[in-house]
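Take a look at the structure below.
The values are calculated or read from the model by the stated rules, or taken from the named source; none is laboratory data. If you're wondering where the values come from, they're calculated on a predicted model, not measured in any experiment. Cβ atoms come from the backbone with ideal geometry, glycine included; neighbour counts cover every protein chain shown.
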Amino acid sequence: MTSLPYALLRLTGINFMPSNLFHRFLFLALFLEVSLFAGFEQAMWAGDLKIVTFNEDVTPKIGVPVAYAPARKIVTPLYARGVVLLSDEQPVVLCAVDAIGIGNQGYDTWREKLAEAAGTSPERVAVHSLHQHDAPRIDFATGKIMEEQGLGGKNYDNEYGMQCISQVA
């Protein structure tokens, strides 16, 4: 027995695909529709979603280590930008920082302080560095090790990192 859509295509003289291929396509399309959207009505309409944005200037002072040397001049400001998603559940914070990298204790501290400021848990906070090579590194553990080895302030400035976090949070 031929399906109605396929029969209509045959009447027009257009043969897009063999019958068994058409049925496979139709089954796949229906399967995807059901699997993608079934059960998500509640999640999509769970409540009001509010989005709050933030944008904080975190430009370092002249002399703070950026990438491979101390900052000599400010060409463009650096920012920490993000959104806080507010709904019936705990807030979610997404933050992007103009930094060459954020690692170890630096990453953990960013998440903890932003979570505290937003009234959520650190697991619901994501912090990303944009990895531009004209920005500082924020990694308190590595900065501390460098200080212990007499290399403090050459590649990391932990004071600047804490100042950024306090300013944004």
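Test residue 167 against the criterion of being modelled with pLDDT of 95 or more and among the polar types (S, T, N, Q), and give yes or no.
Values: modelled with pLDDT of 95 or more: yes; among the polar types (S, T, N, Q): yes.
Considered against the rule, which asks whether it is modelled with pLDDT of 95 or more and among the polar types (S, T, N, Q), residue 167 comes out as yes.
Do you know which residues across the stretch 53-84 are more than 17 Å from residue 168 (Cβ to Cβ) and either modelled with pLDDT of 95 or more or assigned to a loop (DSSP other than H, G, I, E, B) (or both)? Even if it seems obvious, please write down each step before you answer.
If we filter the stretch 53-84 for residues that are more than 17 Å from residue 168 (Cβ to Cβ), which is where we start, we get 62-63, 65-76.
Result: 62, 63, 67, 68, 71, 72, 73, 74, 75, 76.
Residue by residue, here is whether (1) surrounded by 15 or more Cβ atoms within 10 Å (Cβ to Cβ); (2) closer than 23 Å to residue 47 by Cα; (3) hydrophobic (A, V, I, L, M, F, W, C) holds:
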| position | (1), (2), (3) |
| --- | --- |
| 74 | no, no, yes |
| 78 | yes, no, yes |
| 97 | yes, no, yes |
| 102 | yes, no, yes |
| 105 | yes, no, no |
| 115 | yes, yes, yes |
| 120 | yes, yes, no |
| 129 | yes, no, no |
| 137 | yes, no, no |
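Within the stretch 72-84, count every residue that is among the small types (Gly, Ala, Ser) and free of Cβ contacts under 8 Å to residues at least 24 places away in the same chain. Lay out the reasoning, then the answer.
Narrowing the stretch 72-84 to residues among the small types (Gly, Ala, Ser): 80, 82.
After this cut, where a residue has to be free of Cβ contacts under 8 Å to residues at least 24 places away in the same chain as well, the list is none.
Adding up the residues that qualify gives 0.
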